[in-house]
Amino acid sequence: FAEAKPFKIGFILPMTGQSASTGRQEEAAIKLYMAQNGSTVAGRKIEVIVKDDGGVADQTRRIAQELVVNDKVDVLAGFGLTPLALATAPIATQSKTPMVVTAAATSIITEQSPYIVRTSFTLPQVSIGIAEWAAKNKIRKVVTLVTDYGPGIDAEKFFKSQFQLNGGQIVAEIRSPLRSPDFAPFLQKVRDAQPDALFVFLPSGQGAAFMKQFAERGLDKAGIKLIATGDVLDDDQLNDMGDVALGVVNSHHYSAAHPSALNKKFVTDFQAANKFRPNFMAVAAYDGMRVIYKALEATKGQGGGEALLGAMKGQIFESPRGQVLIDAQTRDIVQDVYIRKVERKDGQLWNVEFDVQKSVKDPGKAK
Ligand code: DHB
């Protein structure tokens with residue numbers, strides 16, 4: 001018999017540069033998934049190719065072309081930042097290759113190609129919960145501070161509309177650059193505006209530097225509460241942030257402290273193999289592998305762009321984050337969003353979940 005061809009998954013990730021933690025987290029999660037589930041599915045050997053785009057869109061586009069044309073990958077996956085996913089969408093469409101987005105989180109991404117399936121999250125999805133929590137907890141005036149690109153603008157817009165709907169007031173809207181931001185001048189503006197709270201979104205990897213400057217500028221001492229999406233209190237960096245992070249309330253879809261049996265096993269196994277804690281990027285890559293494995297299984301090892309895509313749509317399963325669904329219409333993930341507070345337990349900092357919004361669809365999709 002002829003050996004069945006290997007089934008190739010081309011992951012494009014930022015392994016270097018400002019977003020390197022996303023690549024490191026996702027690669028570790030891919031390895032863990034394969035260690036737990038094997039590297040053969042329906043008779044096909046799984047071959048994962050990880051390529052570093054350094055977080056630069058022109059590189060992502062070039063690598064995606066090479067993976068499709070030369071390596072003939074069956075699936076494209078990864079995409080650590082929104083512009084990198086947007087650069088690849090036309091290649092997925094032209095080549096009819098399923099493109100599993102395991103990081104980038106601007107709402108519109110899934111609408112850029114019918115071949116995109118997302119296992120991460122969207123900023124509108126996680127920004128509404130913290131807006132509601134703030135309005136219910138005596139926070140009236142808020143300044144928003146977001147990174148000036150797709151996910152930041154989504155966070156700003158959806159936080160604002162929900163907070164205003166619940167009676168809150170936005171007194172200033174600040175945007176910081178994506179590349180090497182210095183937060184000091186922005187934090188001075190926030191101090192001057194004297195809001196009850198500052199709402200922040202920054203992409204994974206920038207949280208620790210921000211928290212340090214927040215404390216150095218004395219905003220906590222000035223009585224300005226910090227609220228955020230969980231990207232800022234990222235499990236990748238949280239434990240090194242120190243006391244300034246204690247008590248910060250934030251909303252997100254994954255905490256390494258999520259108290260399910262499945263998550264406890266995921267975190268234990270992940271930490272046994274790596275010197276760091278898994279974050280929300282790791283979980284999205286782990287679940288992305290699950291979605292791909294199950295789709296290949298459903299096609300009995302045949303694969304094929306259309307067939308795989310069809311088998312990805314509608315998958316329902318328990319993730320380390322909780323119950324999730326790949327919405328068959330939007331190809332985006334439906335999941336629970338948790339309100340969490342940073343607490344110290346056994347000498348370590350954790351996002352401890354204390355409230356939940358169940359089965360949240362991306363509110364950014366046109367109704
Ligand atoms: C994006 C990147 C991140 O690191 C994050 O935490 C959220 C969104 C993005 O570029 O889409």
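Please treat every number below as a calculation from the coordinates, not as lab data. Only a predicted model underlies this, so the values are computations on that prediction, with no experimental measurement involved. With ideal geometry, Cβ positions are generated from the backbone for all residues, glycine too; neighbour counts draw on all protein chains shown.
First measure r as the distance between the Cβ atoms of E173 and K341, then evaluate 1/(1 + (r/R0)^6) with R0 = 30 Å and state the FRET efficiency to the nearest 0.05. Calculated transfer efficiency: 0.75.
Averaged over residues, the count of other Cβ atoms within 10 Å places the peptides 153-164, 334-345 in the sequence 153-164, 334-345, highest first.
Each Lys and Arg Cβ is given +1 and each Asp and Glu Cβ -1; about its Cα centre, the chain then shows a dipole of about 420 debye. Computed on the chain, with alpha-carbon pairs under 8 angstrom and 6+ residues apart, the relative contact order is 18 percent.
Judged by the mean number of other Cβ atoms found within 10 Å, the most tightly packed of the peptides 17-23, 225-231 leads the ranking 225-231, 17-23. Quick check: from the Cα gyration tensor, does region 32-122 come out rounded (a/c under 1.5), prolate or oblate? Taking the square roots of the gyration eigenvalues as a ≥ b ≥ c, region 32-122 is prolate. Pairs with C-alpha atoms separated by more than 18 Å, drawn from the list K294/K358; K8/K51; K8/K294; K212/K275, are K294/K358; K212/K275.
At full extension, A35 and N166 could sit 42.5 nm farther apart than now, given 0.36 nm per residue minus the alpha carbon distance.
Per residue, the chain reaches -12000 deg cm²/dmol at 222 nm when only DSSP H runs of four or more residues are counted, each adding -39500 (n - 2.57). The residue list Q271, G247, L296 was ranked by how far each Cα lies along the charge dipole of region 237-367 toward its positive end, using unit charges on Cβ atoms, and L296 comes out on top. Under 1.5 on a/c is rounded, so check that first for region 139-249, then, if it is not, pick prolate when a/b is larger than b/c and oblate when it is not; a ≥ b ≥ c are the square roots of the alpha carbon gyration tensor eigenvalues. The shape class here is rounded. Projected over all directions and averaged, the alpha-carbon convex hull of region 1-154 occupies 11.3 nm². Highest average first, the peptides 77-83, 272-278, 206-212 ordered by how many other beta carbon atoms sit within 10 Å of their residues are 77-83, 206-212, 272-278.
Suppose we look only past 24 Å in the calculated P(r) of region 215-367. What percent of the Cα-Cα pairs does that tail hold?
When all Cα pairs of region 215-367 are counted, 42 percent exceed 24 Å.
DSSP bridge analysis restricted to the chain gives an antiparallel fraction near 40%, rounded to the nearest 5. The Cα-based radius of gyration of the chain, divided by its Kirkwood radius, gives an Rg/Rh of 0.97.
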